[in-house]
Structures are given as C-alpha cells and as structure tokens.
Amino acid sequence: MKRKLMLVLVALLALFAVSAQQKEIRVLLANHPYGDLLKSAIPEYEKATGVKVNVESLQESQLTTKLTTEFATRSSTVDVFMTRPLQEGKMFYKNGWYEPITGYDFSDYPKNAMDVASFGNKAYIVPLVTEWEVLYYRIDLLKKAGITVPTNFAELEAAAKKLHSGDIVGFASRGKGAAAVTQLSSYVYNYGGAYLDKGKAVFDSKEALEAIRFYGRMLANYGPAGVTNMSWENIMPLFQAGKIAMWTDASVFYGQIVDPSKSQVPAENVGIANFPAGPKGNTPFIVVSWGMSIAKQSKNKELAKDFIKWATSKDLAKRGMLANITMARGSVWKDAEVRAKIHPSLIATQEYAAKYGIPYDRPYMSAVGEARDLIGEVVIESINTAGTSPKLEALAKEKAAAVNALLEDTGEYGVY
Amino acid sequence: MVSKRNRGSFIEKNLHIIFPLPAVVFIIVMMLFPVLYTFFMSFTNWNLTSGMPLSFVFLSSYKRVLQEPRFIKALGRTFSFTALAVSIETVFGMVIALILNREFKAKGFTKLIMLLPLVSTPVAIGIAWNLFYDPTIGLMNFMLTQLGLPKLAWTGSASTVIPSLALVDIWQWTPMISLIMLSGLASLSNEPYESARVDGATEWQIFWHITLPMVMPTLLTAIILRTIDALKTFDIIYAMTGGGPGYASETLNIMAFKYSFEYFRMGQASVVLIILFLLVLAMSLLIVRMRKSLEL
C-alpha cells in the first residue's frame with residue numbers, strides 16, 4: 001500500500017518537473033480577425049521556440065472585464081494581452097497594469113499611433129490594428145438615382161433624401177448612445193468641434209452641437225427605424241440584406257460587407273469613399289483600435305517580450321493585410337503584394353485619413369465608458385427630435401459638466 | 001497519536017457534521033463569501049478609473065446611489081418588467097396547463113416541445129429575437145404588416161422596449177409555469193370534481209372554487225420562483241439592448257454591471273447589488289409567508 005503511494009508520488013513529481021521545464025506563457029486575445037489570425041499562427045511560434053502558448057479568445061468587452069478582474073484582484077497569470085488603447089489604455093496605465101515595452105523598434109509606426117501607445121516617454125502598447133471612418137455606399141442605387149458619391153455633408157443629406165424610400169434606408173450610422181459616440185466624432189470634427197479640449201469637455205460648444213443636430217436630423221429623417229438601439233452589429237445585417245444605400249462607420253467592416261458568404265449585395269455594387277467633408281474641412285478619425293501589451297505582474301517577461309515581437313512582426317502584419325485587416329504598421333501599406341490585393345478605394349481612404357485624420361474617436365480619458373454614455377444621451381435626444389430639440393444645448397451643458405466632474409475625480413481635468 | 005479505533009469512533013460520533021460538510025463549505029465559499037465581500041465593497045469608494053487604492057467611506061456610496069435619478073428609474077423598471085412578465089406568464093401558464101391536463105395522444109411530445117425554450121441559451125435567444133424585432137427586416141413587423149397593423153419599433157424605442165423584452169421572457173418562461181402546474185393538477189384527487197358535477201356546478205365554478213384553491217400552493221411556488229428569477233434578469237436584456245435605448249431598459253442588474261465593468265465604480269456597483277439582493281430576499285420572505293398563511 002505504502003509502496004504504491006510512493007510510486008504515485010514519484011510519478012507525480014516527475015510529471016511536475018517535466019511540465020516545469022516546459023516554458024509556458026498565457027496570452028489573451030480578442031475575437032477580432034487579427035486575434036483569429038494569431039491563433040492560427042501560434043503553432044508555428046511554438047514549433048520554432050519550444051515555448052507553449054496558452055491562448056484564450058474573448059469578445060472585446062468580455063476581454064476588458066476579464067483583464068480588469070484578474071489585474072484588480074492581483075490574481076492574474078496573464079503574460080500578454082490584446083488591448084484597446086483609447087478605451088482602456090489610460091485606466092490600465094494608471095493602475096499600473098502595463099509593463100513598459102523596451103528594446104522594441106517602433107520606427108515603423110506613425111507618430112499619432114505612438115501618441116496613444118505611450119505615457120510619459122515610455123511605450124506601453126504595440127499598435128496592431130488601425131481603423132478610420134469611411135462612407136460605404138451602394139454603387140447601383142446611387143447610379144440609378146443619378147447621384148454622384150457625396151463629398152460633403154450637404155451632398156450627403158441631399159443624396160439620403162433622394163435615396164430614402166419605403167423599401168430602402170437612405171442613410172445609416174450608429175444611433176445607440178455610447179456606441180454612436182465614436183462614429184459621431186468625425187462629424188463633430190468636420191463641424192470644427194471636439195469632445196475634449198485641453199483636458200476639458202467641450203462637446204457643448206456651438207460647433208459640436210451643430211454636428212450632433214445634423215447627425216440626429218440625418219438619422220431621424222433618413223435612417224433605419226429603431227436606430228437608437230442600433231450599433232454596427234444591427235446595421236451591418238441591414239446593409240448586407242441590401243436595405244441601406246449609404247452608411248458611415250469604421251473601415252474595419254469592409255471585408256464583411258463584400259464577403260459573398262455573408263452579404264446578399266454583390267461586391268461590385270459596394271463602394272467605399274472618404275468620409276464627407278463638413279463646414280470646417282475634412283478630418284475624420286483614424287485610430288489604433290487594437291494594440292498588444294505585456295502584463296506588469298507577468299512572471300515571464302522575457303518570454304512575453306519575445307512573443308510580442310513575433311506577434312506584432314512585419315511578417316504577420318503583412319499576412320493580416322492580405323486577410324483584409326488594416327494594420328497599424330506603416331510599411332505594410334507600401335508592400336507591392338498587399339497593394340495588388342487590397343481594394344484601391346480602401347487604400348485611398350486610408351492614405352487620406354493617415355494624412356489628415358485625428359487620432360481619437362472618443363473622449364480620451366480613464367472614465368471613457370461613463371463619458372460615452374453621457375454623450376450618448378445627447379445623441380439620442382437629438383435623434384428622437386430630428387435634431388430640433390430646444391433643450392439640446394442645456395442637456396449638452398449638463399452632460400459636459402458631468403464629464404468634467406469625471407475628469408476631476410480621476411485627476412485628469414485640465415491635464416493634457 | 002490517535003488509534004484506528006478512536007479515529008473510527010470520532011467519525012461515527014460526528015457523522016452529522018461530516019456528511020453535510022462539503023455542502024456547507026461549498027455554500028460558504030461560493031455563496032456566502034461573495035455576498036459578504038460585496039457587502040464590504042459597498043462601504044468603500046473603490047474606483048478603478050482613479051487609480052487610487054480603495055478607502056472606507058461607510059454610507060456615502062449608498063447616499064450617492066440612492067440619490068441618483070437613474071437608480072430610482074432602474075428600480076421602477078426592475079419591478080415593472082417583473083410584474084408584467086410574471087403576471088402574464090402565470091395566467092398563460094395556468095391556461096396552458098388546464099388545456100394540457102387531459103389525456104391525449106401527443107401529450108409527451110407536447111411537453112417536450114414546451115421544454116425547448118427553457119433549455120435554450122439566453123444569449124442565443126437574445127440574438128434571434130433581436131432579428132425578429134428588427135423594425136426594417138424583422139419577422140414581427142412583417143407579421144404586423146401582413147395583418148394590416150402599423151409597424152412598431154420594438155426594442156428600438158423607449159416606450160416599447162420593456163414590453164418587448166417582457167415578451168421574450170414570457171415566451172421563454174411560460175412553459176415552466178405550465179409544467180409546474182401540470183404536475184400540481186395531476187396530483188389532485190377526482191372526488192371533489194365528481195361531487196361538484198353531481199351538484200350541477202359550471203366549469204368556471206369548478207375551476208374557481210375547486211381547482212384554483214387546491215393548486216394554490218403549487219401556483220405560489222411557481223410564482224415565487226419566477227419572481228425571483230425575473231427580478232434578477234440579466235442575460236436577455238444585456239444581449240438584446242444592453243439597457244438601451246439610452247437607459248430605457250436598464251434594470252438594477254444591468255445598472256450594476258455597467259457601474260462595475262463599464263464605469264469601474266466598484267463600490268457603487270456593490271451598493272446597487274446589495275439593494276437588489278435585499279429586494280429579492282424581501283420578496284421571497286413575503287411570498288413564503290403568504291404561502292404559509294394560506295396553508296393554515
């Protein structure tokens with residue numbers, strides 16, 4: 001009996017020793033096309049290095065929830081994770097959850113991408129994926145109506161009016177409060193406004209309010225029914241079903257709306273164009289939507305660093321581009337093989353946005369989730385009243401004050 | 001050192017402690033600890049966006065939450081959603097049970113079909129119903145227009161979102177009430193019915209004076225279970241509207257989720273949860289008491 005027990009113990013110990021020798025890291029990825037690409041490429045990395053990579057994939061908000069819970073309770077064994085710089089970057093940095101990334105060559109990334117990836121003079125995030133706002137439109141419907149692609153807001157409104165019918169929605173964009181904030185940002189910029197300026201909320205300015213009124217009027221008059229409960233995941237099926245003539249949203253959805261297995265609209269009828277200009281020019285957002293970081297409490301920092309170098313390498317970025325993922329690395333956009341494959345209009349919109357765009361699509365602050373809800377209330381009021389609400393200005397002032405209070409609570413008021 | 005025999009008698013003597021021990025440990029670790037910890041957090045101002053360590057603020061988080069108009073509205077919505085859903089489920093569940101409470105060929109099959117909504121994944125249900133409810137391409141508006149009725153915005157409008165969500169809950173949970181009631185009806189004895197029929201009672205009189213009083217304990221059990229569950233509804237609302245449009249379908253549970261994982265105000269989120277916990281507790285005690293007095 002005793003001998004048997006001893007044998008089992010020895011066997012267990014031996015197993016433990018073997019598994020301890022095997023180097024392992026734990027990586028948390030998002031359910032995002034690039035996360036999927038990495039997941040399928042990781043066996044190559046394991047084979048080349050002998051390091052075992054334990055991967056978990058989560059939907060984006062669940063990813064934030066999981067990371068926050070693990071880091072806040074100091075129980076985390078995460079080594080590397082995908083992260084959204086504009087949504088959680090400031091908060092993660094403030095709580096000391098990011099490890100500074102040293103010895104990495106960041107020269108291939110545009111300066112405004114590095115601005116949101118760094119705090120002080122240290123980089124904490126390697127930019128992965130970029131997105132910017134564009135106008136998707138139905139080439140066939142515009143042609144039938146004898147309309148050229150709108151290049152400014154006045155043309156956009158006229159086109160939406162002409163295209164809108166009982167059967168076709170003239171114009172769509174996100175209307176679901178907080179989710180609308182990111183896509184509204186380019187409208188606000190093109191009217192000459194902003195969400196934050198010098199660390200203070202300014203979305204109650206005359207310019208921003210004009211933009212919010214225009215957005216509300218467009219969606220109320222020419223938008224899909226029930227738009228105040230619609231984010232991209234509700235609008236995309238409508239576009240794929242051929243019910244929408246024009247749609248402003250992030251460039252990341254192009255691949256899915258021209259995918260014949262998902263869309264009833266033939267790819268040759270789907271156009272992509274620069275976001276229309278407003279009264280104050282055309283500066284749509286272009287942001288780093290995803291990056292990758294090393295966890296501060298990781299016990300395998302050297303392995304993590306090595307992994308992140310591979311996962312954000314030029315080679316994988318090129319593979320991402322060839323899979324229609326718009327990567328943040330600058331050089332891959334110049335690659336001949338990539339340019340031969342990617343739709344020229346998509347490249348043209350990227351080049352425009354990279355040159356003139358603004359690197360924020362939401363108020364850049366720690367309490368961004370709550371601030372988005374507050375701005376979302378103003379957006380919904382505007383949509384519900386087709387932009388005519390007499391109390392919109394007062395509401396925006398009240399919400400701007402609430403956002404300022406949040407900035408004060410987190411010590412970010414007036415800091416920039 | 002304890003001898004073998006002594007050890008044996010120790011176990012024998014304390015069997016009444018040892019056997020329930022695993023269950024007790026489970027309840028303490030998985031249920032009691034989280035509740036107590038939430039209670040502890042509700043007295044702090046733990047807030048991850050500030051990057052500050054948590055500090056004890058006693059009742060100020062309670063004060064802040066209770067003064068929030070958004071909280072009062074969420075509280076009202078939690079009740080209106082529950083009342084709407086559970087009352088209709090009870091009536092429909094009862095009616096369906098009465099209809100099914102007779103011998104017919106496909107009885108087993110019908111019961112099986114009725115079980116299906118109960119075993120479906122809530123998030124999948126939410127996604128499917130979202131497609132039904134889509135005002136432009138959805139099935140519901142298609143049916144309304146076929147019937148010559150005006151289209152509705154369903155979950156897309158603040159005025160219709162709560163009834164729309166309650167409808168999903170009703171679709172999913174009415175069968176549960178029916179199944180509980182069916183087992184209750186099956187256990188009734190035949191004698192009172194026979195004598196009532198001899199006395200010439202109408203079907204309605206039989207239901208009102210005989211069936212209903214006799215199944216009341218079962219019915220109340222079903223209502224308790226549903227009420228507690230409906231007060232805590234999270235998955236369907238989260239998957240379908242996330243509390244929107246605006247905050248129009250935000251119940252206490254959704255509010256607590258947003259406060260903790262979107263606003264990262266852990267202290268105040270705990271306050272909302274503690275209040276929800278007390279509400280559910282009070283409701284269950286109330287109904288249990290009602291049930292007892294009914295049995296007397």
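Worth pointing out:
- With helices as the sole contributors, chain A gives -14500 deg cm²/dmol at 222 nm; each DSSP H run of n ≥ 4 counts as -39500 (n - 2.57), and the sum is divided by every residue.
- Segment B:63-108: C-alpha gyration tensor shape, a/c 1.5 cut-off, then a/b vs b/c: prolate
- Shielding by partners for peptide B:25-35, expressed as the average number of C-beta atoms from other protein chains within 10 Å of each residue's C-beta, is 0.
- Going by neighbour counts of Cβ atoms within 10 Å, the residues A:ILE286, B:ILE96 line up, fewest first, as B:ILE96, A:ILE286.
- Farthest toward the positive end of the dipole of the protein assembly as shown, out of B:MET240, B:PHE39, B:SER260, is the Cα of B:PHE39, where the dipole comes from beta carbon charges about the Cα centre.
- Degrees, to the nearest 10: A:301-311 long Cα axis against longest axis of chain A: 50
- Shape category assigned to segment B:2-41 from the gyration tensor of Cα positions, a/c cut at 1.5: prolate
- Taking chain A as a Gaussian network of alpha-carbon nodes connected by springs under 10 Å, the highest mean-square fluctuation of the residues A:LYS161, A:LYS296, A:LYS47 belongs to A:LYS47.
- Cα-based reach from B:LYS258 at 25 Å (exclusive), listing lysines while leaving out same-chain residues under 8 positions away: A:LYS66, A:LYS90, A:LYS94, A:LYS176, A:LYS200, A:LYS397, A:LYS399, B:LYS63, B:LYS73, B:LYS232
- Using θ = phi - 60° and Karplus 6.51 cos²θ - 1.76 cosθ + 1.60, couplings along segment A:195-202 (whole Hz; Gly, Pro as x): 7, 10, 9, 6, x, 10, 6, 10
- Within 10 Å of the Cβ of each residue in B:262-270, the mean number of Cβ atoms contributed by other protein chains is 4.
- Neighbourhood charge, 13 Å Cβ-Cβ cut-off, centred on A:ASN234 and excluding it, Lys, Arg +1 and Asp, Glu -1: 0
- Overall form of the protein assembly as shown per C-alpha gyration tensor (a/c, 1.5; a/b vs b/c): oblate
- Under 5 Å from the amide H of A:VAL169 lie the amide H atoms of A:ILE244, A:ALA245, each residue being 5 or more positions distant or on a separate chain, with H modelled from the backbone and absent for Pro and chain starts.
- Residues B:GLU262, A:GLU155, sorted so that the one with the fewest Cβ neighbours within 10 Å comes first: A:GLU155, B:GLU262
- Projecting the Cα atoms of A:LEU303, A:PHE275, A:LEU156 onto the dipole axis of chain A, where Lys and Arg carry +1 and Asp and Glu carry -1 at the beta carbon, places A:LEU303 farthest toward the positive end.
- Residue mean of other protein chain beta carbons inside 10 Å, B:154-165: 3
- Taking the number of Cβ atoms within 10 Å of each Cβ as an exposure proxy, the fewest-first ranking of B:HIS209, A:HIS343, B:HIS16, A:HIS32 is B:HIS16, B:HIS209, A:HIS343, A:HIS32.
- If you run the Gaussian network model on chain A, springs between alpha carbon atoms under 10 Å, then out of A:THR83, A:THR182, A:THR68 the most flexible one is A:THR68.
- Among B:THR44, B:THR227, B:THR121, the largest mean-square fluctuation in a Gaussian network model of chain B (Cα springs under 10 Å) belongs to B:THR121.
Laboratory data are not the source of any read-out in this text; all were calculated from the coordinates shown. Just so it is clear, the model here is predicted, and its values are computed rather than measured. Virtual Cβ from ideal backbone geometry, glycine too; neighbours counted across all protein chains shown.
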